[in-house]
Every structure is written in C-alpha cells, then in structure tokens.
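Here is the structure we will look at, set down as structure tokens.
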Amino acid sequence: MTDLHLRPRGLACYRVSDTNMLAERAIRSLLAFTPKPDALVITGDLTDGSDPREYAVARELLSRLDMPVYLIPGNHDSSAGMREAMQDFPGFAESRTGKISYTADIGDVQLIALDTHLPGAAGGELGAEQLAWLDSTLRAGTKPTLIALHHPPALSGITHMDDIGLSDAEALAEVIAPHDHVERLLCGHLHRPIIASFAGKVMTLSPSTSHQVVLDLTENGPALFNFEPAAYFLHYYSQRTGVVSHMAYVEAFPGPHHFFADDGVVWPGDEA
Ligand SMILES: [Fe+2]
Ligand SMILES: [Fe+2]
C-alpha cells in the first residue's frame, strides 16, 4: 500500500480527500483477504504532514493488523518524525541514525526498505551512504528481493511528478542492475497504478489508498488529483510462480458471478 496521507483526526486532506476514512477502508479490505497476506509494506507518505497527531492516527489504524507492517518515509513524512513516532516498528531499531533503511525476511522473500526523504524537498534522494549499504546488502544474499522506496526511479511522463522524482536514480541503477535476485522495485509517490522497467527490473507503483494524480501526459500539464478507484498491490510468491503482482481494489464492486454456459438460454428470435 502507499500514500495514505493520514491527517489529524477529523481533518480532510486538501479539504476534499478524507484520507483517514479511505485508509480505514483499505485496511478493512486487506483484513478481508484470504489467504492472509504475510506482511504489509507501506511505501511512504503514511502521513500528510509528519505531524505527531497524524502518526497517532497511523498507530491506531495499523494496530488492527495481525501481520508485520513495514514502513518507509515519503516526502510528506520526515525520517526524523517517523522514527520518533513509530520507533517500535520493524527495522527502525536496526537503522539507528539518519535514513530509515533495513532488511526483513517475509517468508521466502527478502524486503529491502530504503529511505528517499530529503528534508524540505518534494523530490527524493537515496544518498551515497545508503547506496553503499544497498550494494553490500545485495552482494550478501541471493533470496528473491523486493526493494521498497517512495520515489520511483523511472520516469512516468507526468511532468509535474517527474520533476519531483528521485535525483540519484542512475546511481541506483548501477547498484541493482547486476543482481538477478532483485525481483521488484515497489514504489509510491505518483498516486497511480504504473508498471515500468528500470535497470532491467520490474518496477510497480501502487495507486494511493485515497486520492489519485490525474493521468495527464501533456507536457507541463497541471498538478491535479481525482478519485479514480483506490487500490494496492498484492505481491504473491511461490517457487512455481516467482513474484506475481496483482492489483486489488479498496472499494466494493458488483460480483462475483459464475461463468455458467448458455444451456437453456432462449436467444432473441428463437422463441417457439
Ligand atoms: Fe503521496
Ligand atoms: Fe510523495
């Protein structure tokens, strides 16, 4: 999941996006899923303003999940604010200073969580130190690996979002390209479902659980949001399938229906 943009209780985001209610619906949808997912990874912008009252809403919401929850900051969070408020979440103790980066084993898959938050900026940066850590971490293992980072390294064609992308994407490409066990880059920030290749890997970008960025591929199109269906990705792994990424919707929709054959159906014009 990504870009929950939680606000202090009772406040909407940008006046019209009730992000707390929409995040609640996303969590409900996840809780209803069978089989139960092994973990939830939230790829940043957990809060809208990195306010302690927003992290308090996040803690209450996430406490309802009976699975590990892995967090990384986005540009709307701050590494320091998230570390302070969510310090008991997995990986935070492991990464003691500066960036929040850590590894976790989720079943047969390894998660590498990276922090692209850059104080005072909407764009993101990994930084040389974190890239060196990523390099040594990737060299140390061969488990199928998902790398989570808020800012997508690949461009989308949505100009106003690409302008606030990841500044050291080229350096990231050099680090990950040699490693066949990197199965996915899991990103957020764009508030749209996007799939792209980056450094020979598959990058999936999940929609937000609340408002989405308008699909506008005209050059220098305006920055606008709408309420296209909220969704998240379910990443499934088995030895038979490898990593398969399914998009799942937050809201209810018609169905399911059976694929019954047409036996007994009277076609128009065939009436006796
Ligand atoms: Fe966001
Ligand atoms: Fe963002």
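The values are calculated or read from the model by the stated rules, or taken from the named source; none is laboratory data. Values in this document were obtained by computation on a predicted structure and should not be read as measured data. Every residue, glycine among them, receives a Cβ derived from its backbone with ideal geometry; neighbour counts consider all protein chains shown. Calculation scope for accessible area: heavy atoms of the full protein, side chains included, ligands and nucleic acids excluded. Shrake-Rupley method; radii C 1.70, N 1.55, O 1.52, S 1.80 Å.
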Checking the condition touching a residue at least 60 places away in the same chain (Cβ under 8 Å) and either crowded, with 20+ Cβ neighbours inside 10 Å or away from ligand 1 (no atom under 16 Å from the Cβ) (or both), which residue from 128, 132, 148 passes?
148
Counting only residues that are open to solvent by 50 Å² or more (accessible area, probe 1.4 Å) and either of a type in the set (A, V, I, L, M, F, W, C) or in contact with an Asp or Glu (Cβ under 9 Å, 6 or more places away or on another chain) (or both), the range 32-48 contains a total of 3
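From 29, 63, which residue is among the small types (Gly, Ala, Ser) and open to solvent by 30 Å² or more (accessible area, probe 1.4 Å)? First the steps, then the outcome.
Values: 29 fails: open to solvent by 30 Å² or more (accessible area, probe 1.4 Å).
Selected residue: 63, the only one of 29, 63 that is among the small types (Gly, Ala, Ser) and open to solvent by 30 Å² or more (accessible area, probe 1.4 Å).
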Looking at 265, 243, 214, 250, can you tell me which residue is in contact with a Ser or Thr (Cβ under 7 Å, 6 or more places away or on another chain) and among the β-branched types (Val, Ile, Thr)?
250
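So that you can scan it fast, the table gives a plain yes or no per residue for (1) in contact with an Asp or Glu (Cβ under 6 Å, 6 or more places away or on another chain); (2) away from ligand 1 (no atom under 16 Å from the Cβ):
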| position | (1), (2) |
| --- | --- |
| 77 | no, no |
| 80 | no, yes |
| 83 | no, yes |
| 88 | no, yes |
| 92 | no, yes |
| 95 | no, yes |
| 98 | no, yes |
| 102 | yes, yes |
| 113 | no, yes |
Check the range 98-117 and report whether any residue there is open to solvent by less than 50 Å² (accessible area, probe 1.4 Å) and either acidic (Asp, Glu) or on the phi > 0 side of the Ramachandran plot (or both).
yes
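Quick check on my filter: what residues within the range 68-86 are in a loop (DSSP other than H, G, I, E, B), away from ligand 2 (no atom under 16 Å from the Cβ) and open to solvent by less than 20 Å² (accessible area, probe 1.4 Å)?
Narrowing the range 68-86 to residues in a loop (DSSP other than H, G, I, E, B): 68, 73-78, 86.
Imposing the further condition that a residue be away from ligand 2 (no atom under 16 Å from the Cβ) reduces the set to 68, 86.
86 - this is the single residue of the range 68-86 that is in a loop (DSSP other than H, G, I, E, B), away from ligand 2 (no atom under 16 Å from the Cβ) and open to solvent by less than 20 Å² (accessible area, probe 1.4 Å).
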Within the range 175-199, can you find the residues that are away from ligand 1 (no atom under 16 Å from the Cβ) and either touching an Asp or Glu at 6+ places or on another chain (Cβ under 9 Å) or open to solvent by less than 40 Å² (accessible area, probe 1.4 Å) (or both)?
175, 176, 179, 181, 182, 184, 185, 196, 198, 199
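Scan 9, 25, 59, 96 and give me the residue that is modelled with pLDDT under 95, basic (Lys, Arg) and out of contact with any Cys (no Cβ under 8 Å at 6 or more places or on another chain).
On the way: 9 fails: modelled with pLDDT under 95; 25 fails: modelled with pLDDT under 95; 59 fails: modelled with pLDDT under 95.
Testing whether each residue is modelled with pLDDT under 95, basic (Lys, Arg) and out of contact with any Cys (no Cβ under 8 Å at 6 or more places or on another chain) leaves just 96.
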Taking the range 26-69 and keeping residues of a type in the set (A, V, I, L, M) and more than 20 Å from residue 234 (Cβ to Cβ) leaves 56, 57, 58
Return the residues of the range 176-208 that are farther than 16 Å from residue 246 by Cβ and among the β-branched types (Val, Ile, Thr); say none if nothing qualifies.
176, 182
